[in-house]
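The values are calculated or read from the model by the stated rules, or taken from the named source; none is laboratory data. Because the structure is a prediction, the values reported are computed rather than measured. Cβ atoms come from the backbone with ideal geometry, glycine included; neighbour counts cover every protein chain shown.
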Amino acid sequence: MNNFEIGVLSPITLAFVEISKGLGLPKKWAPVLAVIVGVAFSFMVGTGNIAETIITGCIIGFTACGLWDVGKKTAQAVVEKKIDGPKNSK
């Protein structure tokens, strides 16, 4: 599996976890589900080496969790005006 596939599967994993949270999954289980989904996706696309496939799946799940955290913190900072939005160039 290459970096492009990991980059594509991480947001898909994130979307799957967010849908699951919307359906009632407790927030504390979201990272566990992200890793499980990441490993499942990795096996669907995997190369056949089991250890590599599991590690890649964990990376996909951890990346999905990190992607959510960064987006959430950036959005909070923008709302709190800690980060300026785009400047108007008039």
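Checking the structure you have, find out if any residue of the range 19-30 is assigned to a helix (DSSP H, G or I), modelled with pLDDT of 85 or more, hydrophobic (A, V, I, L, M, F, W, C) and surrounded by 11 or more Cβ atoms within 10 Å (Cβ to Cβ). Show your work before the answer.
Step one: filter the range 19-30 for residues assigned to a helix (DSSP H, G or I), giving 19-22, 27-30.
Still in the running and modelled with pLDDT of 85 or more: 19-22, 27-30.
So of that shortlist, the ones also hydrophobic (A, V, I, L, M, F, W, C) come out as 19, 29-30.
Going one step further and asking which of them are surrounded by 11 or more Cβ atoms within 10 Å (Cβ to Cβ), we end up with 29-30.
Within the range 19-30, one or more residues are assigned to a helix (DSSP H, G or I), modelled with pLDDT of 85 or more, hydrophobic (A, V, I, L, M, F, W, C) and surrounded by 11 or more Cβ atoms within 10 Å (Cβ to Cβ).
Would you check which residues across the range 47-80 are closer than 20 Å to N3 by Cβ and either over 18 Å from the mean Cα position of the chain (by Cα) or hydroxyl-bearing (S, T, Y) (or both) and list them?
If the condition is that a residue be closer than 20 Å to N3 by Cβ and either over 18 Å from the mean Cα position of the chain (by Cα) or hydroxyl-bearing (S, T, Y) (or both), then T47, G48, N49, A51, E52, T53, T56, T63 are the ones that fit.
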